[in-house]
Amino acid sequence: MPAISYGEIVIEALKKEAFSRRSLPMIGALILTAIFSFKLVVDFIFKLPGISGIPIDKMAFLLFFLELFLVSMIAWVLTLFFGAIVIKQAGEDAKGVRISLTECFWLAVQQFKTARKRTTNKALKPKRSKILGDNGNYRYSSWFVKTKMLSLVCAGILIALIPSVIGTGLSIVPYVGGLLNLIVSILIALSVFVTYPYIILGERGAINAIFASFHHFVENKFQISILWLLRTAIGLVITVTFAIPFIIVFSLFIIPRLPLQGVPPPYLLSTMSVIVITAMSIVILAIGLSIAIVFSYGVSARYYNVAIGRKEEEGNE
């Protein structure tokens, strides 16, 4: 196992992924998601009956949560799509091949629209091409991301489902159920640390990638644990920092409007002003969350390059 420079991996992920143009698609997707979700919430609140005792329309309530669920699913798929691009870009950096944001994104969108069949051009297959020209990068990167989306979605569902099923069983354990659930959730997060890089960079399917990631964790518990802690801590710092405006707005302008707060404070703004300020704070929070997600993908991809990718390339040679 090659030596791992944790600081270099984290710094490179911050500099080249999180705080760079590579995070722009993720930022745009989550901002749109946040704005649309906020609009759904505001519209639902204003449709609530203004007089206590009037029953809430159950169908409208169900429709509201269904719309939020659909928006959340679309946002999740988009984060996987843009995360795959980030992983691919980070992977190609190690080979000295730079794929631009425009190349990765726009042709991928074009290929989704035209629904073309998977290319059979041998020159575009990963095992046959080590270094690609500008046009090759343009075509190869988008084809790669498009053909991997099904594996990413399946892996993401499994990664979310496994802790939920195990947690449901552990939650019934008296006194220590919550603690056991937390421990198992952390262990699973460590076990699937490089699942997505295995799919994007390692030519694996969803289940194969999960097993490969688990096997790698078993053999490298210390390295994975340290990098996971660093990634989680820095991601939380980024998210909390960008969440400060929302926390302030929520504390000063939203909580005082709740029915149980009694007499409203003198600085209470108009309803429209509160909506605008809250929307702005939510946009800032979405930006921070996007940066943290891109950073997470960048760290896992760069670790894969150092710890797994080079070893596999040497084995193939």
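The values are calculated or read from the model by the stated rules, or taken from the named source; none is laboratory data. Not measured: the values here are computed from a predicted model. Positions of Cβ are backbone-derived with ideal geometry, glycine not excepted, and every protein chain shown enters the neighbour counts.
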inquiry  = Can you say whether VAL97 is aliphatic (A, V, I, L, M) and either surrounded by 19 or more Cβ atoms within 10 Å (Cβ to Cβ) or modelled with pLDDT under 65 (or both), as far as the supplied structure shows?
reply    = yes
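One line per residue, one yes/no per condition, for (1) at pLDDT below 95; (2) surrounded by fewer than 13 Cβ atoms within 10 Å (Cβ to Cβ); (3) out of contact with any helix residue (DSSP H, G or I) (no Cβ under 9 Å at 6 or more places or on another chain); (4) of a type in the set (S, T, N, Q):
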{"position": "PRO265", "(1), (2), (3), (4)": "yes, yes, no, no"}
{"position": "LEU268", "(1), (2), (3), (4)": "yes, no, no, no"}
{"position": "MET272", "(1), (2), (3), (4)": "yes, yes, yes, no"}
{"position": "ILE277", "(1), (2), (3), (4)": "yes, no, no, no"}
{"position": "LEU285", "(1), (2), (3), (4)": "no, no, no, no"}
{"position": "ILE291", "(1), (2), (3), (4)": "no, no, no, no"}
{"position": "LYS311", "(1), (2), (3), (4)": "yes, yes, yes, no"}
remark   = The condition from (1) within 17 Å of GLY83 (Cα to Cα); (2) of a type in the set (A, V, I, L, M, F, W, C); (3) touching a residue at least 40 places away in the same chain (Cβ under 8 Å); (4) part of a helix (DSSP H, G or I) that ALA160 misses is numbered (3)
query = If you go through segment 168-197 one residue at a time, how many are aromatic (Phe, Trp, Tyr) and within 24 Å of HIS215 (Cα to Cα)?
reply = 2
ask   = Does SER225 satisfy the criteria of being within 19 Å of TYR6 (Cα to Cα) and surrounded by fewer than 18 Cβ atoms within 10 Å (Cβ to Cβ)?
value = yes
message = What's the total number of residues in segment 206-258 that are of a type in the set (Val, Ile, Thr) and over 20 Å from ILE9 (Cβ atoms)?
response = 11
remark   = Here the residues within segment 141-158 that are within 15 Å of the chain's Cα centre (by Cα) and at pLDDT below 90 are MET149
Residues of segment 152-189 that turn out to be crowded, with 17+ Cβ neighbours inside 10 Å and touching a Phe, Trp or Tyr at 6+ places or on another chain (Cβ under 8 Å), as a count = 3
ask   = Hey, does segment 188-200 have a residue that's more than 21 Å from ALA18 (Cα to Cα), out of contact with any helix residue (DSSP H, G or I) (no Cβ under 8 Å at 6 or more places or on another chain) and either among the polar types (S, T, N, Q) or without any contact (Cβ under 8 Å) to a residue 24 or more places away in the chain (or both)?
value = no
message = Just checking, does segment 66-80 include any residue being aromatic (Phe, Trp, Tyr), outside any loop (DSSP other than H, G, I, E, B) and modelled with pLDDT of 90 or more?
response = yes
query = Looking at segment 17-33, which of its residues are in contact with a helix residue (DSSP H, G or I) (Cβ under 8 Å, 6 or more places away or on another chain), within 19 Å of LEU236 (Cα to Cα) and not β-branched (Val, Ile, Thr)?
reply = GLU17, ALA18, PHE19, SER23, MET26, LEU30
inquiry  = If LEU187 meets every condition in (1) within 23 Å of PHE295 (Cα to Cα); (2) modelled with pLDDT of 95 or more apart from one, which number is that one?
reply    = (2)
